[in-house]
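S.K.: Please see the structure below; I have some questions.
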Amino acid sequence: MNKIKPRLIRGFKDYLPKELLPKKALLNLIIEIYERYGFSPLETPALEYKEVLLGYGSEAEKQIYQFEDPEGNEVGLRFDLTVPLSRVIAMYKDLPKPFKRYQIQPVWRYDKPDPGRFREFIQCDIDIIGSASMDADTEILAVMYEILSRLELNFKIRINNRKILNAIVIAANISEDKTLDVFRTIDKLDKVGLKGVVQLLGKGRKDQSGAFIPGIGLNQIQIQKITEFIRYEGNNREEVLQFLEKSLQGVSIGLEGIEELRQIHKNLEALGIKEHVVIDPSLARGLDYYTGPIFEAVLIDAPRFGSVMGGGRYDHLIEIFTGEHTPATGASIGIDRLLAALAYLKKIETRNSVADVLITVMVPEKKIEYFKIATQLRNAGIKTTLYMGKSVSISKQLKYADRLGIPIAVIIGPDEFEKNQITIKDLRKGAVLSTIIKERKEWLEKKPGQITVAKEEFVERIKELVKNQDGKL
RNA sequence: GCCGGGGUAGCUCAGUGGUUAGAGCGCCUGACUGUGGAUCAGGAGGUCACGGGUUCGAGUCCCGUCCCCGGUACCA
């Protein structure tokens, strides 16, 4: 028989329990917070009509997985969650507005896979549709702030405003068609540094591999005007606002943007959010649809992972579908990046099993008794697995628990059955001891983390042990 | 998309055109009285990415394809 060669489609990925367990824990935390802020869940189909997907323009076309379905419809996999959201807003006109929703679903993009970047990935979006108020932007920021705080991370949320960036471009006397190029270049500040940005705004630069990247071709005066803003660092939000007010006098779009940030600033003060959220005139973000405040979160202790959350206001996007002015603001969490950063910061636990308890089986004839014990633990809400392998060796079974990362083993052999007792073993304690103990005899005698208790109390004792885990995800 | 480097055991990698392709780790079995780790003894595991070519002979040289890595561009 010809074996089928097992292989994955390029850019796609399996999630084994070891990776999926922390990912699900993180998603649960995110959902809990989204809902606590009153965002309701929304799900939409993976497939949309191509016409819908291309609603925002055809630049997207080459990145969409598309095909003709058996009925002859031109369809494609969604590449983001904003397009389906817009369609929903346009289709269900009786939805009370402002409409607050979260959506956590996979999207597909046919672009080059990179380490940590796949063609199928999950987006975790929150958006508020139908509110032009800065209160909506504040709420989005508050959610981002709360998630990062709950993860006990050292983070910074940078905020800026597209109106301010537009004003800078106007103040620097740069032609309108170059606006977006300028924004994208500013967006590279973290990556290439101020010097690199200056080169890219002007003639261009050579990268590490020696390749030449052409610049935008601005003149010295224009470049200087831009750098004046992006190199500015204030001590607090108020200081940055005053700097901007002074520098953008007379550019009305800029003053409008500053006023918006001032309102957000006041709201944040009222919420007690101060140092972690900063106004940063150098924040640009690459997307062209942003119209107002924009935000981005970075982890100070893991800067190489880049932004882990981002978003902003997009007041003109949804009207492409609705035909009427529909202001909107929102944000998205880069869950894979965030997870990678958490792993790097050693803030996630990696195990191959969800189970907290393995019940070892030494006397197969008494399997009904073992099942009853498993049931007792399960009824108490403890994730329990009963050994199902063929070995009756306790050694094998403990090794099985060890390899799966199951922290607690329950041992019931002839002695325990006779005395109506149960032995509970905390494998984490042994793991610590094993680095010290060199003699097998001593190892066996120590029986680390092991207690034998009356059957009546074993559920309670295990509950305590399960609770006693560190605060990792 | 473009430039560069790579693909040999589950993992990390050695292997000058010349016998039957190796190592370390991991895995499996056993010993050490009903206890993970350590130790000891044994074992399994390979289409040398795939296809073609050169050659008496290819893991090794050449071409193509696929995939991975680094850089760059793009990223709703």
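S.K.: I need the full set of residues from the range A:25-50 which are part of a loop (DSSP other than H, G, I, E, B) and either open to solvent by 60 Å² or more (accessible area, probe 1.4 Å) or touching a Ser or Thr at 6+ places or on another chain (Cβ under 8 Å) (or both), in order please. Before the answer, list the steps.
M.R.: Initial filter on the range A:25-50 (part of a loop (DSSP other than H, G, I, E, B)): A:37-39, A:42-46.
Passing the criteria: A:Glu43, A:Pro45.
S.K.: Name the single residue, out of those in the range A:120-135 being more than 16 Å from RNA strand B (Cβ to nearest atom) and more than 19 Å from A:Ile30 (Cβ to Cβ), that is surrounded by the fewest Cβ atoms within 10 Å (Cβ to Cβ). Don't jump to the end; show me each part of the working.
M.R.: Start the filter on the range A:120-135 by keeping residues that are more than 16 Å from RNA strand B (Cβ to nearest atom), which leaves A:128, A:130-135.
Of the ones still in play, those that are also more than 19 Å from A:Ile30 (Cβ to Cβ) are A:130-135.
Working: A:Gly130: 18, A:Ser131: 19, A:Ala132: 16, A:Ser133: 15, A:Met134: 21, A:Asp135: 13.
Checked the range A:120-135; the qualifying residue surrounded by the fewest Cβ atoms within 10 Å (Cβ to Cβ) is A:Asp135.
S.K.: Does any residue of the range A:28-43 turn out to be touching a Gly at 6+ places or on another chain (Cβ under 8 Å) and of a type outside the set (Ser, Thr, Tyr)?
M.R.: Step one: filter the range A:28-43 for residues touching a Gly at 6+ places or on another chain (Cβ under 8 Å), giving none.
There is no residue in the range A:28-43 that is touching a Gly at 6+ places or on another chain (Cβ under 8 Å) and of a type outside the set (Ser, Thr, Tyr).
S.K.: Please determine whether any residue of the range A:276-289 is surrounded by fewer than 23 Cβ atoms within 10 Å (Cβ to Cβ), of a type in the set (Phe, Trp, Tyr) and in contact (Cβ under 8 Å) with a residue 60 or more places away in the chain.
M.R.: Within the range A:276-289, one or more residues are surrounded by fewer than 23 Cβ atoms within 10 Å (Cβ to Cβ), of a type in the set (Phe, Trp, Tyr) and in contact (Cβ under 8 Å) with a residue 60 or more places away in the chain.
S.K.: Determine whether A:Tyr65 is closer than 20 Å to A:Gly330 by Cα, in contact (Cβ under 8 Å) with a residue 24 or more places away in the chain, among the aromatic types (Phe, Trp, Tyr) and open to solvent by 40 Å² or more (accessible area, probe 1.4 Å). Working first, answer last.
M.R.: Values: closer than 20 Å to A:Gly330 by Cα: no; in contact (Cβ under 8 Å) with a residue 24 or more places away in the chain: yes; among the aromatic types (Phe, Trp, Tyr): yes; open to solvent by 40 Å² or more (accessible area, probe 1.4 Å): yes.
Spelling it out, it is not the case that A:Tyr65 is closer than 20 Å to A:Gly330 by Cα, in contact (Cβ under 8 Å) with a residue 24 or more places away in the chain, among the aromatic types (Phe, Trp, Tyr) and open to solvent by 40 Å² or more (accessible area, probe 1.4 Å).
S.K.: Now for a separate question. Looking only at residues in the range A:399-418 that are free of Cβ contacts under 8 Å to residues at least 24 places away in the same chain and within 7 Å of RNA strand B (Cβ to nearest atom), which one is most open to solvent (accessible area, probe 1.4 Å)?
M.R.: Filtering the range A:399-418 down to residues free of Cβ contacts under 8 Å to residues at least 24 places away in the same chain leaves A:399, A:415, A:418.
If we keep only those that are within 7 Å of RNA strand B (Cβ to nearest atom) too, we end up with A:399, A:415.
Values: A:Lys399: 129, A:Asp415: 103 Å².
Residue satisfying both the conditions and the ranking: A:Lys399.
S.K.: List every residue pair whose Cβ atoms lie under 8 Å apart, where the two residues are 6 or more positions apart in sequence or sit on different chains, the first residue falls within the range A:188-206 and is within 14 Å of A:Ala284 (Cα to Cα) and in contact (Cβ under 8 Å) with a residue 12 or more places away in the chain, and the second residue, located anywhere, is in a helix (DSSP H, G or I) and open to solvent by 40 Å² or more (accessible area, probe 1.4 Å).
M.R.: Cβ pairs passing all conditions: A:Asp190/A:Pro303.
S.K.: For the subset of the range A:68-99 comprising residues that are of a type in the set (Val, Ile, Thr) and surrounded by 20 or more Cβ atoms within 10 Å (Cβ to Cβ), which member is nearest to the chain's Cα centre (by Cα)?
M.R.: Checking each candidate, the answer is A:Thr82.
S.K.: Further, regarding this structure: Do any helices (runs of 4 or more DSSP H) lying entirely in the range A:149-255 carry at least 1 residues that are surrounded by 16 or more Cβ atoms within 10 Å (Cβ to Cβ) and within 16 Å of RNA strand B (Cβ to nearest atom), and which ones are they?
M.R.: Working: elements: A:162-171, A:179-186, A:189-201, A:220-230, A:237-247.
Where helices (runs of 4 or more DSSP H) fall fully within the range A:149-255 and carry at least 1 residues being surrounded by 16 or more Cβ atoms within 10 Å (Cβ to Cβ) and within 16 Å of RNA strand B (Cβ to nearest atom), they are A:162-171, A:179-186, A:189-201.
S.K.: Here's another thing I want to ask about it. Taking the conditions exactly as written (more than 9 Å from RNA strand B (Cβ to nearest atom), touching a helix residue (DSSP H, G or I) at 6+ places or on another chain (Cβ under 8 Å), under 24 Å from A:Glu349 (Cβ atoms) and part of a strand (DSSP E or B)), does A:Ile451 satisfy them or not?
M.R.: Values: more than 9 Å from RNA strand B (Cβ to nearest atom): yes; touching a helix residue (DSSP H, G or I) at 6+ places or on another chain (Cβ under 8 Å): yes; under 24 Å from A:Glu349 (Cβ atoms): yes; part of a strand (DSSP E or B): yes.
Yes: the conditions hold for A:Ile451.
S.K.: For the range A:300-331, which positions are of a type in the set (D, E, K, R) and either surrounded by 22 or more Cβ atoms within 10 Å (Cβ to Cβ) or at positive phi (or both)? So that I can check it myself, show each step before the final result.
M.R.: Pass one, the range A:300-331, residues of a type in the set (D, E, K, R): A:301, A:304, A:313, A:315, A:319, A:324.
Residue satisfying the conditions is A:Arg313 alone.
S.K.: I'm trying to understand the selection: among the residues of the range A:435-469, which are more than 19 Å from A:Arg378 (Cα to Cα) and free of Cβ contacts under 8 Å to residues at least 12 places away in the same chain?
M.R.: Of the residues in the range A:435-469, the ones more than 19 Å from A:Arg378 (Cα to Cα) are A:435-452.
Answer for the range A:435-469, where residues must be more than 19 Å from A:Arg378 (Cα to Cα) and free of Cβ contacts under 8 Å to residues at least 12 places away in the same chain: A:Thr435, A:Ile436, A:Ile437, A:Lys438, A:Glu439, A:Arg440, A:Lys441, A:Glu442, A:Trp443, A:Leu444, A:Glu445.
S.K.: While we're on this one: Just wondering, is there one or more residues in the range A:438-449 that are among the hydrophobic types (A, V, I, L, M, F, W, C), in contact with a Gly (Cβ under 9 Å, 6 or more places away or on another chain) and open to solvent by 70 Å² or more (accessible area, probe 1.4 Å)? Lay out the reasoning, then the answer.
M.R.: To start, the set of residues in the range A:438-449 that are among the hydrophobic types (A, V, I, L, M, F, W, C) comprises A:443-444.
Of the ones still in play, those that are also in contact with a Gly (Cβ under 9 Å, 6 or more places away or on another chain) are A:443.
Imposing the further condition that a residue be open to solvent by 70 Å² or more (accessible area, probe 1.4 Å) reduces the set to A:443.
Scanning the range A:438-449 turns up at least one residue that is among the hydrophobic types (A, V, I, L, M, F, W, C), in contact with a Gly (Cβ under 9 Å, 6 or more places away or on another chain) and open to solvent by 70 Å² or more (accessible area, probe 1.4 Å).
S.K.: A:Lys463 is checked against (1) in a helix (DSSP H, G or I); (2) near RNA strand B (Cβ under 9 Å from one of its atoms); (3) of a type in the set (Lys, Arg) and fails just one. What number does that condition carry?
M.R.: The single condition A:Lys463 does not satisfy is (2).
S.K.: Kindly provide the set of residues from the range A:5-24 that are open to solvent by 100 Å² or more (accessible area, probe 1.4 Å) and more than 10 Å from RNA strand B (Cβ to nearest atom), ordered by number.
M.R.: Of everything in the range A:5-24, those that are open to solvent by 100 Å² or more (accessible area, probe 1.4 Å) and more than 10 Å from RNA strand B (Cβ to nearest atom) turn out to be A:Pro6, A:Leu16, A:Lys24.
S.K.: Another question about this same structure. Which residues, counting only those in the range A:318-337, are within 23 Å of A:Ile264 (Cβ to Cβ) and at pLDDT 90 or above? Break it down into steps so the answer makes sense when it comes.
M.R.: Start the filter on the range A:318-337 by keeping residues that are within 23 Å of A:Ile264 (Cβ to Cβ), which leaves A:318, A:325-334.
Selection gives A:Ile318, A:His325, A:Thr326, A:Pro327, A:Ala328, A:Thr329, A:Gly330, A:Ala331, A:Ser332, A:Ile333.
S.K.: Specify which of the listed residues (A:Ser353, A:Ser393) is out of contact with any strand residue (DSSP E or B) (no Cβ under 8 Å at 6 or more places or on another chain) and among the hydroxyl-bearing types (Ser, Thr, Tyr). Walk me through it before giving the result.
M.R.: On the way: A:Ser353 fails: out of contact with any strand residue (DSSP E or B) (no Cβ under 8 Å at 6 or more places or on another chain).
The unique qualifying residue is A:Ser393.
S.K.: Give just the number: which of (1) surrounded by fewer than 19 Cβ atoms within 10 Å (Cβ to Cβ); (2) modelled with pLDDT under 90 does A:Leu342 not satisfy?
M.R.: Just one mismatch for A:Leu342, condition (1).
S.K.: Hand me the list of strands (runs of 3 or more DSSP E) wholly inside the range A:320-439 holding 1 or more residues that are within 28 Å of the chain's Cα centre (by Cα) and under 30 Å from A:Tyr289 (Cα atoms). Can you show your working first?
M.R.: Working: elements: A:328-333, A:357-359, A:384-386, A:408-411, A:421-426.
Output list reads A:328-333.
S.K.: Take A:Glu456 and tell me if it is more than 10 Å from RNA strand B (Cβ to nearest atom) and either more than 27 Å from A:Pro17 (Cα to Cα) or modelled with pLDDT of 95 or more (or both).
M.R.: yes
S.K.: Kindly provide the set of residues from the range A:373-398 that are surrounded by fewer than 18 Cβ atoms within 10 Å (Cβ to Cβ) and near RNA strand B (Cβ under 8 Å from one of its atoms), ordered by number.
M.R.: Within the range A:373-398, A:Ser391, A:Ser393, A:Ile394, A:Ser395, A:Lys396 qualify.
S.K.: To continue, here is another question. What is the residue count in the range A:419-433 for residues that are within 8 Å of RNA strand B (Cβ to nearest atom) and either of a type in the set (Lys, Arg) or open to solvent by 70 Å² or more (accessible area, probe 1.4 Å) (or both)?
M.R.: 3
The values are calculated or read from the model by the stated rules, or taken from the named source; none is laboratory data. Since we're looking at a predicted model, the values are computed, not measured. Every residue, glycine as well, gets a Cβ built from its backbone with ideal geometry; the counts of neighbours run over all protein chains shown. All accessible areas refer to the heavy atoms of the entire protein, side chains included, with ligands and DNA or RNA removed. Shrake-Rupley method; radii C 1.70, N 1.55, O 1.52, S 1.80 Å.
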